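Engineer: Sharing a structure, written as structure tokens. Questions coming.
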Amino acid sequence: MYLLRYISLKKIINILKVYLGYYASIVFKKVILLGSPFSLTTEPTNNCNLHCMECPTGNNTSKREKGNVDFELYQKIIDELKDYILFQMIYFQGEPFQHPDIFKIINYADQNKIYTSTSTNGHFLSQENCHKIVQSGLKNILVSVDGTAQETYEKYRVGGTLQKILKGIETLVKTKQNLKSKFPTIHLQYLVFKYNQHQMSEIRKISKLLGVNKLDFKSAQIENEENYSLIPDIKRYSRYKYENGEYTIKNKMQNRCFRIWSTLVISWDGNIVPCCFDKDLDFIMGNVKQTPILKVWKSENFIRFRKSTLLNRKKTSICRNCTEGLRIKS
């Protein structure tokens, strides 16, 4: 019942319009945009303390300038969209808890009746920060834990310390208990690779001992061909198949994408892109500093991008490694 505070009649009507426009677009093969975005992804920062091998931020292959979102710009984003947004992911690239105003950012969205979630590598879950996290109004936190031993964990999360993360999760669980709060719900995310697939049963035990709310096993996205050896043997946890001497996405790509009818992604410097797979901002639709957000949402540039997914989605580079739904519950 607590979550009803985030729902309004206007939001419900908007969601119905989004779905109606999306399915009508599929049927008629033309862009029909009836609603406004009800899901929002914002990037507090694209700075990070780790050097994960397949992350363009971590492995320093990103072409983007590094920085933190100005709180005033963030307020502008929320103020323009708060009547429509039901859910917000406060994460895109980088480590959110490196932003000096991250708790103000979370709280501002919560005060404007937006359900908030974030994703973290878990290295900033100190006693003080855990207390602030619970008090901020954050409703869900996803913590990446991709191994049960330091040697395994650091193969991907280069520069990370497993014990520090596990201690931080334990602290967050205890802080919730001490403050008698149900939130944030705590999800552990385990990227499955060939070298850590044998530890999956162990992470299940650890997650139960820690008392987290949920454990997800997720297929890893591999962009660099040199890392194809990391692809797990267990087919269920791989987003790729090996045929005719090469790896390809195993899911059949359809000429449709609900995300670009329902979700906005905004970088720390105000650029609007169609999807969280556009990590290098190759498809900028506009900037919130220059143009009202909903005007960008309905712009000819954005409509052309949506139309391209209806006609031939494979032609769009950021779509080729996208596999929706390959997060597997434990």
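The values are calculated or read from the model by the stated rules, or taken from the named source; none is laboratory data. Quick caveat: nothing in here was measured; it's all calculated off a predicted structure. All Cβ positions, glycine included, derive from the backbone under ideal geometry; neighbour counts span all protein chains shown. We work out accessible area using only protein heavy atoms, side chains counted, and drop any ligands, DNA or RNA first. Shrake-Rupley method; radii C 1.70, N 1.55, O 1.52, S 1.80 Å.
Engineer: Output the residues belonging to the range 286-330 that are modelled with pLDDT of 90 or more, of a type outside the set (Lys, Arg), in contact with a Leu (Cβ under 9 Å, 6 or more places away or on another chain) and open to solvent by 20 Å² or more (accessible area, probe 1.4 Å).
Structural biologist: Within the range 286-330, Leu294, Ile303 meet the criteria.
Engineer: Using beta carbons and a limit of 6 Å, which pairs, at least six apart or on different chains, have the first residue in the range 23-42 and outside any loop (DSSP other than H, G, I, E, B) and the second one modelled with pLDDT of 95 or more and open to solvent by 20 Å² or more (accessible area, probe 1.4 Å)?
Structural biologist: Ala24/Ile32; Ser25/Val31; Ser25/Ile32; Ser39/Phe87; Ser39/Thr263; Thr41/Met89
Engineer: Now for a separate question. Please indicate, with yes or no, whether at least one residue in the range 7-17 is assigned to a strand (DSSP E or B), over 30 Å from Gly160 (Cα atoms) and open to solvent by less than 50 Å² (accessible area, probe 1.4 Å).
Structural biologist: no
Engineer: Let me ask another. When only residues in the range 221-234 that are in a loop (DSSP other than H, G, I, E, B) and acidic (Asp, Glu) count, which is surrounded by the most Cβ atoms within 10 Å (Cβ to Cβ)?
Structural biologist: Result: Glu223.
Engineer: A follow-up question, please. Can you pull out the residues in the range 44-89 that are surrounded by 15 or more Cβ atoms within 10 Å (Cβ to Cβ), of a type in the set (Lys, Arg) and within 20 Å of the chain's Cα centre (by Cα)?
Structural biologist: Selection gives Arg64, Lys82.
Engineer: Could you tell me which residue of the range 139-168 is surrounded by the most Cβ atoms within 10 Å (Cβ to Cβ), considering only residues that are more than 20 Å from the chain's Cα centre (by Cα) and polar (S, T, N, Q)?
Structural biologist: In this case the residue turns out to be Thr148.
Engineer: Inside the range 94-111, can you point out the residues that are of a type in the set (Asp, Glu) and touching a helix residue (DSSP H, G or I) at 6+ places or on another chain (Cβ under 8 Å)?
Structural biologist: Asp101, Asp110
Engineer: Please specify each residue of the range 169-192 satisfying the condition of being among the hydrophobic types (A, V, I, L, M, F, W, C), surrounded by fewer than 22 Cβ atoms within 10 Å (Cβ to Cβ) and part of a helix (DSSP H, G or I).
Structural biologist: The one that is among the hydrophobic types (A, V, I, L, M, F, W, C), surrounded by fewer than 22 Cβ atoms within 10 Å (Cβ to Cβ) and part of a helix (DSSP H, G or I): Val173.
Engineer: Please tell me if Lys218 is in a strand (DSSP E or B), modelled with pLDDT under 85, closer than 24 Å to Lys314 by Cα and in contact with a Lys or Arg (Cβ under 6 Å, 6 or more places away or on another chain).
Structural biologist: no
Engineer: Among the residues of the range 105-118, what is the count of those that are out of contact with any Phe, Trp or Tyr (no Cβ under 6 Å at 6 or more places or on another chain) and surrounded by fewer than 23 Cβ atoms within 10 Å (Cβ to Cβ)?
Structural biologist: So the answer is 6.
Engineer: If you don't mind, there's one more thing I want to ask. Among the residues of the range 235-242, is there at least one that is touching an Asp or Glu at 6+ places or on another chain (Cβ under 6 Å) and not in a loop (DSSP other than H, G, I, E, B)? Reasoning before the result, please.
Structural biologist: The first filter runs over the range 235-242 and keeps only residues touching an Asp or Glu at 6+ places or on another chain (Cβ under 6 Å), leaving none.
No: the range 235-242 contains no residue that is touching an Asp or Glu at 6+ places or on another chain (Cβ under 6 Å) and not in a loop (DSSP other than H, G, I, E, B).
Engineer: Quick test of your reading of the structure: Asn213 fulfils all but one of (1) within 30 Å of Gln177 (Cβ to Cβ); (2) touching a residue at least 40 places away in the same chain (Cβ under 8 Å). Name the failing condition by number.
Structural biologist: Status for Asn213: all satisfied but (2).
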